[in-house]
Amino acid sequence: MSPSRRPPRELPRINNLPPLPAPFVGRDEEIADAHRLLMDHRAVLVHDPEGRPHGYGTSQLAFSYAHLFTQHYELMWVFDCAREPDPVRLAARVEEETERLRERFERDLGRPLDGPTAADWLYIFDNAADPDGLREHFPEGNARVLVTSRGTGAWQQDARLLVGPLAGSDVVRLLMENMGLDNRQAARLADIFDGHPRQIVRAGEAVLSGKVTVEQVATVTEIARMVPPPPARPEPSPSLPPPQRADVLDTKRTSLRSCLLRATVCENTGSYLRWMEALRSRPTATVLPKTASVGVELLSMAERVDLLLDTVFEQEDTGFVRALADTVSEAADAAGTGRQMADSVRRLAEELADLWRGAPRTAGRTASAEPAEAPSCFFFTSWHNREVDFDEALRFHNLLEKRVTAKLGGRVVKSGFFDKLMQHGATWEPKMIEAIRTTRLMVPLITEGYFQRDWCRREWAVMVRRMADLNAAPGQEPIAIMPVFWIRPLSDWQMPADFEPYQYWVHSEGRPAYEGDVFDLVADNKERELNSYVSTLAQSMVAQAGTHLPHLDRELVKKLPLAFRDVAGP
């Protein structure tokens with residue numbers, strides 16, 4: 001449907017916009033300025049004043065702009081950056097939301113989301129910690145991009161829109177018009193909150209509903225401002241080990257919360273209430289928070305999920321957490337979408353159930369082997385960096401990364417790493433060291449030259465050492481190296497002893513997945529055979545996703561003896 005044929009306030013068919021902030025007032029000029037800037041610039045930054053401790057409604061302005069100018073766009077999608085400062089975790093958040101967009105696009109329009117974006121699409125990147133670092137996540141093409149942030153970075157001045165405090169006279173007028181307050185009440189609230197939109201709106205709603213009086217709001221606010229800041233928490237002694245159990249539970253709760261908030265059951269209040277009804281019908285999940293379904297219109301979706309998880313983690317009931325996963329899966333099946341998030345919820349629920357039941361962990365894996373930091377990627381494409389087949393190697397990596405990301409859903413922070421820049425003779429780069437010492441799998445593209453290059457030999461040695469550090473029981477060693485015969489060595493080549501045990505780890509029903517050169521499949525555009533091979537490889541990789549390898553110390557990466565010494569020398 002063309003956007004011009006929609007009713008004036010109807011949103012595009014494909015959107016994930018929150019409801020129009022109500023009331024959100026006093027920003028008419030800024031909203032008009034945002035539209036003017038987006039007509040002149042592909043990307044516009046909406047930001048708060050520098051150095052202010054609180055935001056002044058940049059998110060509300062962005063969402064209001066989208067609702068008010070809906071006729072100008074055929075697709076609108078919000079990416080919640082959550083002020084995430086870590087680039088790896090930010091990339092994961094963006095990729096997860098992009099996958100939701102892909103699913104929605106294909107479900108509603110019947111075709112995949114690929115190719116460049118159109119100028120009548122609007123992407124909103126909300127609450128960016130670093131607006132400069134966000135640029136690498138902008139979509140290809142001409143889609144308009146609206147970024148909200150508390151900072152400006154090095155963003156060009158003529159593509160920025162400052163959102164400051166509301167003027168006192170505007171606050172008084174708006175509180176009187178939208179909330180029915182008299183002049184005295186409105187003026188008092190305007191003085192208390194110094195033009196902060198969200199505080200003013202929440203206070204006005206509370207007064208209007210009769211929950212509190214203006215005087216009570218003023219008194220409580222004044223008391224709160226008199227409270228001294230909390231003392232800084234003392235740093236733990238470096239000689240004491242971290243509490244592993246508490247750390248594991250906190251990590252799993254955070255992951256479970258993130259998956260639930262992206263699941264079909266939390267799409268809107270209606271889906272949430274249907275979920276609660278289904279969950280309450282399970283005999284193992286009758287103990288639910290009172291606010292799970294009562295008065296939910298007063299809570300944000302994140303607050304609802306937090307209340308539910310409070311009960312889940314207080315009970316430590318394996319039946320309860322599994323019932324939660326069952327109902328999420330059923331909702332995804334009924335909606336025909338959201339299967340990846342449902343699978344992620346299922347995995348986390350099973351891990352918690354095992355933990356609470358006291359079941360033994362995966363063979364060879366102990367609490368001390370749990371990585372204390374997130375891996376930089378799930379797999380690392382190791383390649384004898386050559387210009388002659390660079391384009392083909394990059395294309396193969398991208399195909400594999402897309403397939404693995406789709407199969408794993410929200411289980412990994414970042415799917416793949418491929419060195420696109422490093423040339424012969426370059427020094428070891430920190431990003432490469434970080435990737436190889438933390439990745440779960442390595443996919444080496446095997447050629448004869450692979451066994452001669454020092455960096456390839458180092459990558460192999462690191463992965464072998466990390467597998468050995470897991471101390472797995474005999475017969476239960478983890479698979480962490482999956483070779484791809486990119487260009488098979490000539491028949492008279494000498495097979496390195498380090499390589500022989502791993503040569504057939506990519507297989508299909510007990511047979512090698514492909515007995516030719518994978519390079520030929522890519523270079524000759526043999527799409528059917530190539531897709532079949534990539535699918536088999538991705539399936540083999542995903543089958544190994546559950547085991548975590550211990551990370552290797554950064555300095556040790558540089559000190560390990562190189563692999564393939566029997567054919568390449570010291």
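The values are calculated or read from the model by the stated rules, or taken from the named source; none is laboratory data. Please read all numbers here as calculations on a predicted model, not as lab measurements. Ideal geometry is used to build each Cβ from the backbone, glycine not excepted, and the neighbour counts take in all protein chains shown. To get the accessible areas, we keep the full protein, side chains included, count just its heavy atoms, and leave off ligands, DNA and RNA. Shrake-Rupley method; radii C 1.70, N 1.55, O 1.52, S 1.80 Å.
Structure notes:
- Residue in segment 134-152 that is nearest to HIS41 (Cα to Cα), counting only those that are touching a helix residue (DSSP H, G or I) at 6+ places or on another chain (Cβ under 9 Å) and free of Cβ contacts under 8 Å to residues at least 60 places away in the same chain: PRO139
- Some residue of segment 116-131 being closer than 25 Å to ARG13 by Cα, assigned to a loop (DSSP other than H, G, I, E, B), among the hydroxyl-bearing types (Ser, Thr, Tyr) and over 19 Å from the mean Cα position of the chain (by Cα): no
- SER293 being at pLDDT below 80 and either over 21 Å from ALA342 (Cβ atoms) or open to solvent by less than 10 Å² (accessible area, probe 1.4 Å) (or both): no
Residue-by-condition table, conditions (1) modelled with pLDDT under 75; (2) crowded, with 18+ Cβ neighbours inside 10 Å; (3) part of a loop (DSSP other than H, G, I, E, B); (4) among the hydroxyl-bearing types (Ser, Thr, Tyr):
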| site | (1), (2), (3), (4) |
| --- | --- |
| TYR272 | no, yes, no, yes |
| VAL287 | yes, no, yes, no |
| GLU297 | yes, no, no, no |
| ALA302 | yes, no, no, no |
| LEU308 | no, yes, no, no |
| GLY319 | no, no, no, no |
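- Selected residue (criterion: modelled with the lowest pLDDT) from residues of segment 161-186 that are open to solvent by 60 Å² or more (accessible area, probe 1.4 Å), more than 16 Å from GLY57 (Cβ to Cβ) and not in a helix (DSSP H, G or I): GLY180
- Within this structure, ALA119 fails the test of being in contact with a Pro (Cβ under 9 Å, 6 or more places away or on another chain) and aliphatic (A, V, I, L, M).
- All positions within segment 521-535 that are closer than 14 Å to ASN398 by Cα and of a type in the set (S, T, N, Q): ASN531, SER535
- Qualifying residue in segment 55-68 (condition: within 29 Å of ARG104 (Cβ to Cβ), β-branched (Val, Ile, Thr) and modelled with pLDDT of 90 or more): no
- Contacts under 6 angstrom Cβ, first residue in segment 534-548 being over 20 Å from PHE519 (Cβ atoms), partner among the aliphatic types (A, V, I, L, M) and modelled with pLDDT of 80 or more, 6 or more apart: GLN544/ILE479
- Residue match in segment 110-121 (condition: modelled with pLDDT of 90 or more and either in contact with a Cys (Cβ under 6 Å, 6 or more places away or on another chain) or more than 22 Å from GLN340 (Cα to Cα) (or both)): yes
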